[in-house]
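Participant: The following block contains the structure, expressed as C-alpha cells.
The values are calculated or read from the model by the stated rules, or taken from the named source; none is laboratory data. Every value quoted in this text rests on a predicted model; they were computed, and no experiment measured them. Note: ideal-geometry Cβ built from the backbone for every residue, glycine included; neighbour counts use all protein chains shown. What goes into the accessible areas is simple: the full protein's heavy atoms, side chains included, and nothing from ligands, DNA or RNA. Shrake-Rupley method; radii C 1.70, N 1.55, O 1.52, S 1.80 Å.
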Amino acid sequence: MQRIDKENYYLDIAQTVLERSTCLRRHYGAIIVRNDEIVATGYNGAPRGRANCCELGYCVREQMKIPSGERYELCRSVHAEANAIISASRNECIGATLYLVGRDAMTGKLLSNATSCSMCRRTIINSGIERVVIRNTETEYTVVAVQEWIDDDDSIHMPFQV
C-alpha cells in the first residue's frame, strides 16, 4: 500500500472544505496546519449574517462583467484564506502552512492557476504563516515561501492612478 504524501493529504482536506463555498464563480478552500495539526479552515462566502451569492442568485462582479482577479472590493465574499486566518489565533499561525485549493464553480474543474490575491497575501504575511501550498492538479502543487511575497513587494510596482 502506498500512502498519500502529507502535502496532498492536507490539500485533499482543503478541497473538501471548498465544498462549503457559496461563490457563484470560484470555490476556494483553505486550511492552516501547524506542527502537523489542523489549526483552522476557511472557504469563500459572504460575511456571517449576510446573504450569500448562491442565495441571492447572482454575483455583482459577474453582472458588472469584471474579469477574474480584478476589483475584489466589490465581491460579497470573504476569501478562504482570510476566513481561515480569522478562525485562528496569530500564535497558531506563526510558522504554519496554509493549504489552498480552488475550483471553477461552473465546471467543477480544479483551478491550475489558483493563488492568493494581493489582499490575502498581505493578510497571510501579517498572520505569520510561513508557507502556502497551492494545488495545481489532483497530485501536483506549488509551494510558496511567504518570504517571497515579502521580498517581491507588488504594492510598490503598481501604477498610481490620479
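Participant: Take the stretch 60-80 and flag every residue that is assigned to a helix (DSSP H, G or I), under 17 Å from the mean Cα position of the chain (by Cα) and surrounded by 13 or more Cβ atoms within 10 Å (Cβ to Cβ).
Facilitator: Of everything in the stretch 60-80, those that are assigned to a helix (DSSP H, G or I), under 17 Å from the mean Cα position of the chain (by Cα) and surrounded by 13 or more Cβ atoms within 10 Å (Cβ to Cβ) turn out to be 72, 80.
Participant: Within 15 Å of the chain's Cα centre (by Cα), polar (S, T, N, Q), more than 15 Å from residue 127 (Cα to Cα) and modelled with pLDDT of 90 or more: which single residue out of 44, 83, 8 fits that description?
Facilitator: Details: 83 fails: more than 15 Å from residue 127 (Cα to Cα); 8 fails: within 15 Å of the chain's Cα centre (by Cα).
None of the other options fit; the residue is 44.
Participant: Moving on. Have a look at 31, 124, 134, 129 and point out the one that is buried (at least 16 other Cβ atoms within 10 Å of the Cβ), out of contact with any Gly (no Cβ under 7 Å at 6 or more places or on another chain), β-branched (Val, Ile, Thr) and more than 17 Å from residue 7 (Cβ to Cβ). Even if it seems obvious, please write down each step before you answer.
Facilitator: Numbers: 31 fails: more than 17 Å from residue 7 (Cβ to Cβ); 134 fails: more than 17 Å from residue 7 (Cβ to Cβ); 129 fails: more than 17 Å from residue 7 (Cβ to Cβ).
Going through 31, 124, 134, 129 in turn, just one is buried (at least 16 other Cβ atoms within 10 Å of the Cβ), out of contact with any Gly (no Cβ under 7 Å at 6 or more places or on another chain), β-branched (Val, Ile, Thr) and more than 17 Å from residue 7 (Cβ to Cβ): 124.
Participant: Here's a follow-up. Among (1) open to solvent by 70 Å² or more (accessible area, probe 1.4 Å); (2) in a helix (DSSP H, G or I), which single condition is residue 1 missing?
Facilitator: Among (1) open to solvent by 70 Å² or more (accessible area, probe 1.4 Å); (2) in a helix (DSSP H, G or I), residue 1 violates only (2).
Participant: Select from the stretch 4-25 the residues that are in contact with a strand residue (DSSP E or B) (Cβ under 6 Å, 6 or more places away or on another chain) and closer than 21 Å to residue 58 by Cβ and write down the one among them that is least open to solvent (accessible area, probe 1.4 Å).
Facilitator: Kept after step one, since they are in contact with a strand residue (DSSP E or B) (Cβ under 6 Å, 6 or more places away or on another chain), are these residues of the stretch 4-25: 7, 10-11, 13-15, 17-18, 20-22.
Then keep just the ones that are closer than 21 Å to residue 58 by Cβ; that gives 18, 20-22.
Details: 18: 0, 20: 151, 21: 15, 22: 20 Å².
This residue is 18.
Participant: Let me ask you something else. Determine which member of the set 62, 92, 19 is farther than 21 Å from residue 141 by Cβ and without any contact (Cβ under 8 Å) to a residue 40 or more places away in the chain. Working first, answer last.
Facilitator: On the way: 92 fails: without any contact (Cβ under 8 Å) to a residue 40 or more places away in the chain; 19 fails: farther than 21 Å from residue 141 by Cβ.
None of the others qualify; the one that does is 62.
Participant: With the structure loaded, tell me whether residue 32 is among the β-branched types (Val, Ile, Thr), part of a strand (DSSP E or B) and closer than 15 Å to residue 123 by Cβ or whether it fails that test. Give the steps one after another, and end with the answer.
Facilitator: Values: among the β-branched types (Val, Ile, Thr): yes; part of a strand (DSSP E or B): yes; closer than 15 Å to residue 123 by Cβ: yes.
Considered against the rule, which asks whether it is among the β-branched types (Val, Ile, Thr), part of a strand (DSSP E or B) and closer than 15 Å to residue 123 by Cβ, residue 32 comes out as yes.
Participant: Has the stretch 100-111 got any residue that is touching a residue at least 60 places away in the same chain (Cβ under 8 Å), hydrophobic (A, V, I, L, M, F, W, C) and assigned to a helix (DSSP H, G or I)?
Facilitator: No, there is no match, as no residue in the stretch 100-111 is touching a residue at least 60 places away in the same chain (Cβ under 8 Å), hydrophobic (A, V, I, L, M, F, W, C) and assigned to a helix (DSSP H, G or I).
Participant: Exactly one condition in (1) in contact with a helix residue (DSSP H, G or I) (Cβ under 7 Å, 6 or more places away or on another chain); (2) closer than 24 Å to residue 147 by Cβ; (3) among the hydrophobic types (A, V, I, L, M, F, W, C) is not met by residue 86; state its number.
Facilitator: (1)
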